[in-house]
1. Indicate the gyration tensor shape class of the range 227-349 (rounded, prolate or oblate), computed on the Cα atoms with a ≥ b ≥ c the square roots of the eigenvalues: a/c under 1.5 is rounded; otherwise a/b larger than b/c is prolate and the rest oblate.
2. What angle do you read, to the nearest 10 degrees and between 0 and 90, between the alpha-carbon axis of helix 2-14 and the longest principal axis of the chain?
3. Going toward the positive end of the dipole of the chain, with +1 on Lys and Arg Cβ and -1 on Asp and Glu Cβ, which of LEU42, ILE129, GLY200 do you reach last?
4. Does the range 217-297 classify as rounded, prolate or oblate by the C-alpha gyration tensor (a ≥ b ≥ c root eigenvalues; a/c under 1.5 gives rounded; else a/b over b/c gives prolate, otherwise oblate)?
5. Short version: what are the Cα gyration tensor semi-axes of the range 410-552, square root of 5 times each eigenvalue, largest first, in whole Å?
6. Ranked highest first by the average count of other Cβ atoms within 10 Å around their residues, in what order do 526-539, 140-153, 82-95 fall?
7. Assuming R0 = 30 Å, what is the FRET efficiency of LEU468 and ARG704, from their Cβ-Cβ distance, to the nearest 0.05?
8. Please list, in chain and number order, the residues 5+ apart from ILE97 or on another chain whose amide H is under 5 Å from its amide H, with Hs placed from the backbone.
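The values are calculated or read from the model by the stated rules, or taken from the named source; none is laboratory data. Note that the structure is predicted; figures quoted are calculated from it, not measured. Cβ sites come from the backbone with ideal geometry, for glycine too, and all protein chains shown count toward neighbours. Accessible surface is based on the protein model in full, side chains and every heavy atom, while ligands, DNA and RNA are left aside. Shrake-Rupley method; radii C 1.70, N 1.55, O 1.52, S 1.80 Å.
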Amino acid sequence: MKIIYSILLLLFSFSAFAQEASVRGKVVDAVNNEPLPFVNVLVSGTTTGTTTDLDGNFLLTGLQPGFVRIEASFVGYKKAISSEIEISAANTSFIEIQLEQQKEQIEEVTVTASPFRKTEESPVSLRSIGVGEIEKSPGANRDISKVIQSFPGVQSTPAFRNDIIIRGGGPSESRFYLDGVEVPFINHFATQGASGGPVGILNADFLREVNYYSGAFPANRGNALSGVLEFFQIDGNTDKLKFQGTLGASEVAATLDGPLGEKTTFVFSARRSYLQFLFSILELPFLPNFTDTQFKIRTRFDQKNELTIIGLGAFDVSKLNLDIEEPDEQQKYILSQLPVNEQWNYTVGGIYKHFRENSYQTLVLSRSHLNNSARKYFENDDSSEENKILDYSSEEIENKIRVENTVRMNSFKLNLGANLDFVTYTNTTLQKRFYGNEVVNVNYDTKLNLAKYGFFAQVSKNVLAERLALSFGIRADANNYSESMNNPLEQLSPRFSASYSLTDKWSLNFNTGRYYQLPPYTTLGYRQNDVFVNRNNNLKYISVDHLIGGLEFRPKTTVQFSVEGFWKGYSDYPFSVNDKISLANKGADFGVVGDEEVVSESSGRAYGAEFQTRINSTKGFNFNMSYTLVRSEFQDASGEYIASSWDSKHLLVLTTTKDLKKNWRVGGRWRFVGGLPYTPFDMETSSLVEAWNLTGGPYHDYSRLNAERFSAFHQLDIRVDKSFYLNKITAKFYLDIQNLYNFQAEQQDIVVRAEDANGNFVLTDNGTRYQLETYKNTTGTVLPTIGIILEF
């Protein structure tokens, strides 16, 4: 603490002298990438501006350090506003702005662009998140998976996981793209077959902007039912080498970026957690540790050709803390069930773009690889292999090719392309499960080779003096897994969007579409008696129909009010043969989802309304209020619709930040999540010795699926930031406190085996049953985080 105090004292003394920042940039045509000269450029919210030179370049100096947006306008082009960037005195930032041609010429040019994105393809259910919101979001700790929980339709849970649950859909229904490359996993300790995990992999230092879709997916984004997230990364510094170091509550990170010659820039980062050390001191029953790395290399060969190479990787290890001398009931509960887990994954990809006069072509090649293993010994006694109750090892390898052609012809915008994926899935499982009052051996080896392909096209046009925007898209997907999946016409996915500007401030927006998603590889590759049992069960793509309508009001360019109503109808969702429930109810826990026998017979629905108010002021005030009324229901074994595991009913989030003098910033976020349904434990089955010994924990009573409901959950997070923008260095410090008033969220009861005075487990019914004890269980603690970020 003395060292931190000394650093702060030194920085305060230097910060007494005002420092000025600068930003360089380039303005180009969005289609042919040609530089645009004489474009009016302005720092949003100020009168500071300039014009581009003959090569489209501009330089703005004498600016106040912090987060800014750059506006650009030019005769014959639509006005544009850049993504948010941070500028400082230590380094000159760079931003590229793309302008789209406008059908009708206008006599006067006034810069009045909005930071709230809306495209012809997605006039509803699209939100853009700037780097300032990511960096400074209270309670998120610079984790994008937590940042999006402030937006409409996104459900957060008191379990402090990063499951992406959108508009009542399951956590396996979203897809993620990093600079156009699909990334299967964005969380450490990922749940295989779903999307969640406790900590995000993506480094916030890389992110420039995020597009979050809760519907109205463009045709070139397939295999999603509820959400698509597009992450756009920064480019490396073109002038000099730059370093940024970050010290957080649980990890240390380093980021390096700069030029690699005249035409190439790079960004590279590595992070390492020290959670095992912290958790060991706190005597927590599990000891996780993670490492990740991320990079981006961009080469502009010339004005018409460029290549970007990206990479993302993670290595995660979770061990058990068996050194706790006298574990309490909660520690016993976790130690009894949790396996030792080791997981690593990576994605590498290349994006090549070639620009022509009225079009550009994109080629994307990528490879993703997940390796996931878990082991569990009865009573955590690994002295004998006979004690092993779980031995799991699996790999998912995807090699992807996608080609796209984007064309502007008169007032039409056309995007068409195709994708081809080659997949290898392996699984070696040694386990016993308790089904139907008997022990079933689940021992199998799988190697599944799969070829997936798809075609897509989307055409958009503005009519009625550009007051009405129309867009129609279609895609078709198929694979060689089985006859039920190899006909692309069976997975024909049309979508239609319309947006009508009632005035320059009011607009009506609409979208409808049908979307398909392949069941997880864990389900496709599940074997029983050496047979792909789900192939024989005629497993199908999951489908969902979306219907969305909305009204939007923008009284100012920085203020947005919106309301949207939505309806989603699911068909052919995998239904567990043994548990008699839809897999839509699973996935928000650690481990694996989908490795069981299923049939494509489940139907479901989710419907509701969303209200949002956003203020993104150029004066340093940001406000985001989102309320979602949602119902989520899926059929049970009798075909009746009942509440799904994600039927929270009410989601309310208030987030605000305010810039103060001398580069201080304060912020807060309050979340309210309606009580989620849950399935009670089957105490009769759980007490059986032969059943308990297979898992080390209780079993759910799926005959009472989601029959109970937790109390509502709410939490207040606050954050204070202080930044020092000096000539040679930028130093940032923050204090983030999650769950300020220490709310205790209700959780399912803890169930453990009763022990006698000698520490032996109490048995009943002639030694065939354990005597079980239940304890009330809550979660929640005041969690302060101190962070330090240095950049030079």
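1. The shape class here is prolate.
2. 10
3. So the residue furthest toward the plus end is LEU42.
4. Here the range 217-297 falls in the oblate category.
5. Equivalent ellipsoid semi-axes, largest first: 44, 18, 11 Å.
6. On the way: 526-539: 16.6, 140-153: 24.4, 82-95: 21.2.
Peptide ranking by packing, descending: 140-153, 82-95, 526-539.
7. Details: r = 51 Å, r/R0 = 1.70.
Using R0 = 30 Å, I get an efficiency of 0.05.
8. Amide H neighbours of ILE97, under 5 Å, 5+ apart: LYS26, VAL27, VAL28.
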